[in-house]
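Participant: Please read through the structure below; I'll follow up with questions.
The values are calculated or read from the model by the stated rules, or taken from the named source; none is laboratory data. Just so it is clear, the model here is predicted, and its values are computed rather than measured. For neighbour counting, all protein chains shown are included, and Cβ atoms are generated from backbone atoms with ideal geometry for every residue, glycine included. The protein model used for the area step is the full one, side chains on, heavy atoms only, and it has no ligands, DNA or RNA in it. Shrake-Rupley method; radii C 1.70, N 1.55, O 1.52, S 1.80 Å.
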Amino acid sequence: MPGGARPAPAGAGLEVEVRPPWPYRLPASGGGDAVMRVRRGIVTRLLHVSEQPVVVRAWQRRDGNVVFHAAPPAGRDRSEIAIERMRFALGVDDDYRQLYDRFRGDRLLGAAIRRLRWHRPRRRPWAWEALAWSITKQLIESSRAAEIQRRLVFRWGTRCEGPDSLTLRDVPSAGLLARRAPAELAAVDLAPARALALIRAAREVAAGRVNPGDPAGDRRLLAIREIGPWTVQCLGLYGRGEPDALPAGDLGFIKLVGGLGRLGRRATVDEVEEFFAPYAPYRGLAGSFVLAAYHKAIATGAPLRLAA
């Protein structure tokens, strides 16, 4: 197992200590969907591996190392998989030296990396989660999307009690959402067309016709009405860790490029893609760093009118 895994004492689960190859900080908050919890510097997440629940916790030592612990009775095999998925989600093993060396002289990206060396894209442990949540975020503000995601999690997500009486919930599985009626998803404020798209995507995944972790399935997803390039780009960046996947239609990027490019308006999708084209094959990572570094300045500036 990578990272120098070592079994914890009997009955205590599996513990793995990782030395991040690039400056690193654990996230200070769990995000808006209520599935990842952060308390006193400890990240806790409930995952399901082969339909069995596994609770993974992560914390950072003073020397910078990050410790992952999977609680029993998961079993070693499932514990190893759960820890590997959380290492991916938290970006502990990401090394941005090659990215930084290539663009250190870039006034925008080089400066953004120096300001936020510890930044990581907010990835999901499973590609299915990235796909489902990308559909819920289409054409709406992040805060409203988070409310919809919480409602989905609280209504259909599996629940268990974690350490320190912490209530943990998981994202509803593809199989579970595949059996929902569109009206059920619309009842949690998901637009009817996107509710149907989420159900159809869930059916493709649950039936094994699409593996969201494999780009080969993207063509089938794009054939679903209401699923377009932006959704698949989000899946690539946040669900598969593809460094060049840039969600160019994201409202944050549209405002960012409109402001940084001094367009006097919001950018078009084509303009966002053109703006980040010089950063290939790292457009997704470049966009994530630049957005993290400059989004507050753009948000507090003058409102930008829509592109013509």
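Participant: When G241 is evaluated against the numbered criteria (1) surrounded by 15 or more Cβ atoms within 10 Å (Cβ to Cβ); (2) more than 25 Å from A277 (Cα to Cα), which criterion, by number, is the only one it fails?
Facilitator: (2)
Participant: Separate question: Kindly list, by first and then second residue, each pair from a residue in the stretch 97-112 that is within 24 Å of K296 (Cα to Cα) to a residue that is open to solvent by less than 80 Å² (accessible area, probe 1.4 Å) and not in a helix (DSSP H, G or I), limited to pairs with Cβ atoms under 9 Å and residues at least 6 apart or on different chains.
Facilitator: The qualifying pairs are L99/P243; L99/Y282; Y100/W22; Y100/R117; F103/Y282; L109/Y282; A112/D106; A112/H119.
Participant: Name the residues in the stretch 215-232 that are touching a residue at least 40 places away in the same chain (Cβ under 8 Å) and surrounded by fewer than 21 Cβ atoms within 10 Å (Cβ to Cβ), would you?
Facilitator: Result: E226, W230.
Participant: Applying the selection to the stretch 158-187, what residues are closer than 18 Å to V55 by Cα, open to solvent by 40 Å² or more (accessible area, probe 1.4 Å) and of a type in the set (G, A, S)?
Facilitator: S165, S173
Participant: Is it the case that some residue within the stretch 78-91 is free of Cβ contacts under 8 Å to residues at least 60 places away in the same chain and open to solvent by 80 Å² or more (accessible area, probe 1.4 Å)?
Facilitator: For the stretch 78-91, residues free of Cβ contacts under 8 Å to residues at least 60 places away in the same chain and open to solvent by 80 Å² or more (accessible area, probe 1.4 Å): absent.
Participant: If a residue counts only when it is at pLDDT below 90 and of a type in the set (D, E, K, R), which helices (runs of 4 or more DSSP H) contained entirely in the stretch 203-308 have at least 1 such residues?
Facilitator: Details: elements: 218-222, 229-234, 251-260, 269-276, 283-300.
Per the criteria, 283-300.
Participant: Shifting gears a bit: Regarding G75, is this residue open to solvent by 30 Å² or more (accessible area, probe 1.4 Å), modelled with pLDDT under 95 and within 23 Å of G241 (Cβ to Cβ)? Lay out the reasoning, then the answer.
Facilitator: Numbers: open to solvent by 30 Å² or more (accessible area, probe 1.4 Å): yes; modelled with pLDDT under 95: yes; within 23 Å of G241 (Cβ to Cβ): no.
Here the answer is no, as G75 does not meet what is asked.
Participant: Keeping to the stretch 133-157, report how many residues are under 17 Å from G175 (Cα atoms) and open to solvent by 70 Å² or more (accessible area, probe 1.4 Å).
Facilitator: So the count comes out to 2.
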